[in-house]
Amino acid sequence: MMKAMAAPQPVIRSVGVPREVKTAEHRVAMTPDGVRELERFGVDVLVETGAGAGASITDADYEAAGADIVPTAADAWAQDMVAKVKEPKPEEFEYLRSDLTLFTYLHLAAYPAVASALIEAGTTSVAYETVQAADGSLPLLAPMSEIAGRLAPQMGAHFLERHNGGRGVLMGGAPGVRPAKVVVRGAGNVGWNSAWIAAGMEAEVVLIDKNLDRLRFVDQIHRGRIMTAASNRGAIERALSDADLVIGAVLVAGGRAPVVVSDEMVQTMKPRAVIIDVAVDQGGCIATTRETTHEQPVFIEHDVVHYAVGNMPGAVPNSSTYALTNATLPYLLDVAVHGALGAARRDPAIAHGLNTVGGAYANSTVAEALGATSIDPLAIG
């Protein structure tokens with residue numbers, strides 16, 4: 001009788017899950033189900049105490065799945081690989097090192113200090129947002145794009161209320177009263193979800209994009225309930241001048257978001273209209289935005305309310321954690337079992353996800369956005 005072949009030993013033997021330290025960031029990079037899967041492949045998981053509390057996951061839940069609970073962030077960061085949600089903050093830079101693999105959202109084009117810290121430390125980093133499938137889709141960005149897109153009209157409706165600084169306009173209007181006009185710039189995952197939810201709130205919705213095939217798709221799905229417009233300066237100017245709520249939802253994978261709404265355009269908007277710039281974590285697509293936090297989410301510029309929280313899905317951490325980890329877990333397992341370079345050789349999607357390796361940039365789009373050069377990580381012996 002032939003003996004069953006033993007499962008290969010994982011390249012990465014331990015994964016740390018630290019508590020997120022970004023302001024009001026309550027998501028966590030792994031659920032207890034993820035712990036069970038990693039443990040099944042022989043990978044130990046060490047979770048910083050309280051890491052899952054904001055997402056309603058207790059230390060006991062992790063322990064029951066097989067994780068070890070460790071008392072400090074340093075203990076979690078000391079493992080072969082660290083899984084996070086958001087980019088390292090300056091107080092975490094000391095934990096970066098050359099024998100560490102970091103798997104998280106990075107958005108390095110918008111956070112050059114993080115890029116520099118990773119390069120200086122020689123850390124191998126895999127960015128969720130640049131993992132790219134053969135069809136061009138971004139499977140690890142998609143779930144948070146969907147949640148951010150669905151949150152945007154909800155936040156917009158909140159800040160349109162007069163006592164929250166807005167125009168005092170109800171999204172769905174009332175019998176005999178015009179609803180809010182919502183303009184969404186960008187028809188990708190974020191924009192389509194924003195338009196969909198805004199239309200469900202009975203707002204008047206205009207979706208603007210340069211991709212006519214995408215607009216045809218939206219038009220066929222929503223049967224005219226969402227108005228579509230081809231993107232050009234004139235169309236954007238006309239739409240913004242009459243808008244109550246503008247949602248910026250433009251993405252360049254790995255790069256800085258292009259500015260598609262100028263300062264002059266914002267000045268033409270109605271007093272106390274609202275802007276939600278979902279692209280702010282990639283630099284923002286609206287000229288007047290600057291990143292805000294959940295604790296201080298808005299500011300006023302040109303008498304327009306600006307909401308530009310860089311981690312919008314953190315407002316709903318339970319939903320966001322499960323949506324994120326459903327997508328990231330298969331890739332996390334692949335990287336843990338085969339190592340980052342081994343997984344990249346097996347799967348071109350993960351190769352796209354590599355941002356830094358051995359003190360060099362490994363993604364050409366990221367490097368270009370930062371004014372640097374990149375290497376081919378697959379050429380490393």
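The values are calculated or read from the model by the stated rules, or taken from the named source; none is laboratory data. Bear in mind that the values here come from a model prediction, so they are computed numbers and not experimental data. Virtual Cβ from ideal backbone geometry, glycine too; neighbours counted across all protein chains shown.
Just for the stretch 182-225: of the residues that are under 14 Å from LEU245 (Cβ atoms) and within 20 Å of the chain's Cα centre (by Cα), which one is surrounded by the fewest Cβ atoms within 10 Å (Cβ to Cβ)?
Top of the filtered list is ILE197.
Any residue that is part of a helix (DSSP H, G or I) and surrounded by fewer than 21 Cβ atoms within 10 Å (Cβ to Cβ) - is there at least one of those in the stretch 123-140?
no
Inspect all residues belonging to the stretch 52-73 and state whether any of them is out of contact with any helix residue (DSSP H, G or I) (no Cβ under 7 Å at 6 or more places or on another chain), at pLDDT 95 or above, closer than 18 Å to TYR95 by Cα and surrounded by fewer than 18 Cβ atoms within 10 Å (Cβ to Cβ).
Yes: one or more hits.
Just checking, how many residues over the stretch 244-254 are in a loop (DSSP other than H, G, I, E, B), on the phi < 0 side of the Ramachandran plot and surrounded by 20 or more Cβ atoms within 10 Å (Cβ to Cβ)? Spell out how you get there, then give the answer.
Within the stretch 244-254, the subset in a loop (DSSP other than H, G, I, E, B) is 244, 249-254.
Keeping just the survivors that are on the phi < 0 side of the Ramachandran plot gives 244, 249-253.
After this cut, where a residue has to be surrounded by 20 or more Cβ atoms within 10 Å (Cβ to Cβ) as well, the list is 244, 249-251.
Total meeting the criteria: 4.
Could you count how many residues in the stretch 21-49 are assigned to a helix (DSSP H, G or I) and in contact with a Ser or Thr (Cβ under 6 Å, 6 or more places away or on another chain)?
Looking only at that region, the number is 1.
The rows are residues; the columns are (1) touching a strand residue (DSSP E or B) at 6+ places or on another chain (Cβ under 9 Å); (2) on the phi > 0 side of the Ramachandran plot.
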| site | (1), (2) |
| --- | --- |
| ILE147 | no, no |
| GLY156 | yes, no |
| PHE159 | yes, no |
| GLY168 | no, yes |
| VAL177 | no, no |
| GLY188 | yes, no |
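Checking the condition over 18 Å from the mean Cα position of the chain (by Cα), charged (D, E, K, R) and closer than 21 Å to ASN193 by Cα, which residue from ASP277, ASP244, ASP303 passes?
ASP244
Do we have PRO143 as part of a helix (DSSP H, G or I) and touching a Leu at 6+ places or on another chain (Cβ under 7 Å) here?
Here the answer is yes, as PRO143 does meet what is asked.
What are the residues in the stretch 184-202 that are under 21 Å from ARG238 (Cα atoms) and not in a helix (DSSP H, G or I), if any?
Within the stretch 184-202, VAL184, ARG185, GLY186, ALA187 meet the criteria.
Restricting to the stretch 98-112, name every residue that is within 17 Å of GLY254 (Cβ to Cβ) and not in a strand (DSSP E or B).
Initially, the stretch 98-112 is screened for residues within 17 Å of GLY254 (Cβ to Cβ), giving 102-112.
Selection gives TYR105, LEU106, HIS107, LEU108, ALA109, ALA110, TYR111, PRO112.
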